[in-house]
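What follows is a set of notes on a single structure, which appears directly below.
The values are calculated or read from the model by the stated rules, or taken from the named source; none is laboratory data. Computed from a prediction, not measured in an experiment: that's the story for all the values here. Neighbour counts are summed over all protein chains in view; Cβ atoms, including those assigned to glycine, are modelled from backbone coordinates with ideal geometry. These accessible areas exclude ligands, DNA and RNA; they are computed on the full protein's heavy atoms, side chains included. Shrake-Rupley method; radii C 1.70, N 1.55, O 1.52, S 1.80 Å.
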Protein chains: 2
Amino acid sequence: MTKPEHTNEIREARRRASEHIKPSPVFVLVEPQMGENIGAAARAMLNFGASCLRLVRPRDGWPNAKAGATASGASVVIDSVTVFDTIDEAIADCNFVLATTARQRELALPVMDAKSAIAATGPIIMSGGRAAVLFGGERNGLSSEDTARANAILSVPVNPAFSSLNLAQAVCLVAYEWSNSQTLSMDFHANSSFPAPAQKELATHLIEYFFELLDRAGYFYPPEKAPLMRRNMRTALLRAEFTANEITSLHGALKAISKKPV
Amino acid sequence: MTKPEHTNEIREARRRASEHIKPSPVFVLVEPQMGENIGAAARAMLNFGASCLRLVRPRDGWPNAKAGATASGASVVIDSVTVFDTIDEAIADCNFVLATTARQRELALPVMDAKSAIAATGPIIMSGGRAAVLFGGERNGLSSEDTARANAILSVPVNPAFSSLNLAQAVCLVAYEWSNSQTLSMDFHANSSFPAPAQKELATHLIEYFFELLDRAGYFYPPEKAPLMRRNMRTALLRAEFTANEITSLHGALKAISKKPV
């Protein structure tokens, strides 16, 4: 059994480690496989002052003893991990989402280097919003469907012939750029009167509603093209970064024009 | 025994992986302990196109089977590792040396962020010289004696209360900054396949069509609020920067849902 003084030491170490945690992007690992990589990712996050880690369908469930062991003291991150069934749920409360992938996709999404992509999250976070960064699992990375949830692709200049970054290394680079962006400019928010994009949940509702109307109207035709049509439409509308007010207006607008003419 | 065709495959994969290796800094691990970390470091180096790895007094000798296993295909790096008894020997042929350490030392050495430090190696390497980066072992990092061998300290903005970076993560960050410094002069952004926003004329047509449908549906009500409602809607849709293809799809989609239900 742990001795009380030991527990106090741990508590004190955790308190100290979390003192320097600032609001930072949410790190979302999609279908991570190895607990060791989750732990190493948590450690790298805390190294750079980030702490919010979310998992989507971790292969070995959660909690994961190997993750705790590899985290090397980053229990403040591991203990507050939250687990989700879908990416949409994991980013429901986020206003801006980046997808880390080395591959070029047939998605109409801007590709940004890590520094610029992370810099773009600054104003969102400073104004009280949430930004998320998606990381794919060890085996396949992010699918096009996953990536279509994002506002932009975060890409790093890897060796094209040896491009598969270890999951924890990818997390480390993003956390590092976050820390860089913080120390370089603390006064991000000074002139950012522009309202933040709505939380993804709202955008997702709008898109689902639009799709429902389009389904009823027989728009997604022929059936074999429907998934691609949906994906492209989703990408366009998410990338638009509508504000909450704009989404409310568009919802009402779509409802109005879909009504039976009087 | 390995079959000949398998060997050929490996040889071909290695050839391809090394095709993209440019002259880069020499990575020097001083008294590394775990083979796994050496392997992960080799992988991270090759991810970013670096390949020259030197070890000073590795705890478990060399070669190290665990290093090979963790390198995940970066055998082009592992196989050309050279081992030295002292730092001085390891950097004997180098013109410029950086020491990675999070700690401030009582040494009269400039402290540079990773980006600036790596940028400083560029001219050395481009002119045919060698630059080295020193990394301390897992337990103690670099001693003051070790660090005194360097021209400058390379420092990254870590959480002061949780500052101990994993060895392979530190190598990854430096290799990443090296690759960044190289691609800045190349066309990393040029080949981004993201299509340009459509010409404003197309976006305007879409918006006018949308407004026409909304007018017919009686959406802009009450009349005194109509101008503001239109302006806000226009702003949202223009800011979205839809591509020409997306505008065509949205046009068709709006047409579909506004039709009289059959």
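Annotations
- Extreme residue, least open to solvent (accessible area, probe 1.4 Å), among residues of region B:54-69 that are basic (Lys, Arg) and farther than 25 Å from residue B:130 by Cα: B:66
- Taken as a whole, region A:86-102 holds at least one residue that is in a loop (DSSP other than H, G, I, E, B), free of Cβ contacts under 8 Å to residues at least 60 places away in the same chain and more than 24 Å from residue B:163 (Cβ to Cβ).
- Among the residues making up region A:241-254, a single one is in contact with a helix residue (DSSP H, G or I) (Cβ under 7 Å, 6 or more places away or on another chain) and not in a helix (DSSP H, G or I): A:242.
- Positions within region A:123-133 being buried (at least 18 other Cβ atoms within 10 Å of the Cβ) and not in a strand (DSSP E or B), in sequence order: A:123, A:124, A:125, A:129, A:130
- Consider region A:1-43 and keep the residues that are hydroxyl-bearing (Ser, Thr, Tyr) and loosely packed, with under 15 Cβ neighbours inside 10 Å. The one that is modelled with the lowest pLDDT is A:2.
- Screening B:90, B:170 for residues that are buried (at least 22 other Cβ atoms within 10 Å of the Cβ), in contact with a strand residue (DSSP E or B) (Cβ under 7 Å, 6 or more places away or on another chain) and facing another protein chain (nearest Cβ under 10 Å) leaves exactly one candidate, B:170.
- Failed condition for residue A:135, given (1) within 11 Å of another protein chain (Cβ to nearest Cβ); (2) among the aromatic types (Phe, Trp, Tyr); (3) under 21 Å from residue A:61 (Cα atoms): (1)
- Residue A:257, sole failed condition from (1) at pLDDT below 95; (2) within 22 Å of residue A:130 (Cα to Cα); (3) touching a helix residue (DSSP H, G or I) at 6+ places or on another chain (Cβ under 6 Å): (2)
- Leading residue by the ranking (most open to solvent (accessible area, probe 1.4 Å)) among those in region A:231-251 that are among the small types (Gly, Ala, Ser) and at the interface with another protein chain (Cβ under 7 Å from one of its Cβ atoms): A:249
- Residues of region A:18-40 that turn out to be more than 10 Å from chain B (Cβ to nearest Cβ) and either in a loop (DSSP other than H, G, I, E, B) or of a type in the set (A, V, I, L, M, F, W, C) (or both), as a count: 13
- Residues that are surrounded by fewer than 13 Cβ atoms within 10 Å (Cβ to Cβ) and aromatic (Phe, Trp, Tyr) within region B:210-224 comprise just one, B:221.
- On the stretch given as region B:208-223, residues that are more than 7 Å from chain A (Cβ to nearest Cβ) and under 51 Å from the mean Cα position of the chain (by Cα) total 7.
- Options A:51, A:72; residue that is in a loop (DSSP other than H, G, I, E, B), open to solvent by 50 Å² or more (accessible area, probe 1.4 Å), over 21 Å from residue A:197 (Cβ atoms) and among the small types (Gly, Ala, Ser): A:72
Yes/no matrix, rows are residues, columns are (1) of a type outside the set (Asp, Glu); (2) more than 20 Å from residue A:37 (Cβ to Cβ); (3) open to solvent by 10 Å² or more (accessible area, probe 1.4 Å):
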{"position": "A:78", "(1), (2), (3)": "yes, no, yes"}
{"position": "A:85", "(1), (2), (3)": "no, yes, yes"}
{"position": "A:97", "(1), (2), (3)": "yes, yes, no"}
{"position": "A:121", "(1), (2), (3)": "yes, yes, no"}
{"position": "A:136", "(1), (2), (3)": "yes, no, yes"}
{"position": "A:141", "(1), (2), (3)": "yes, no, yes"}
{"position": "A:146", "(1), (2), (3)": "no, no, yes"}
{"position": "A:151", "(1), (2), (3)": "yes, yes, no"}
{"position": "A:158", "(1), (2), (3)": "yes, no, yes"}
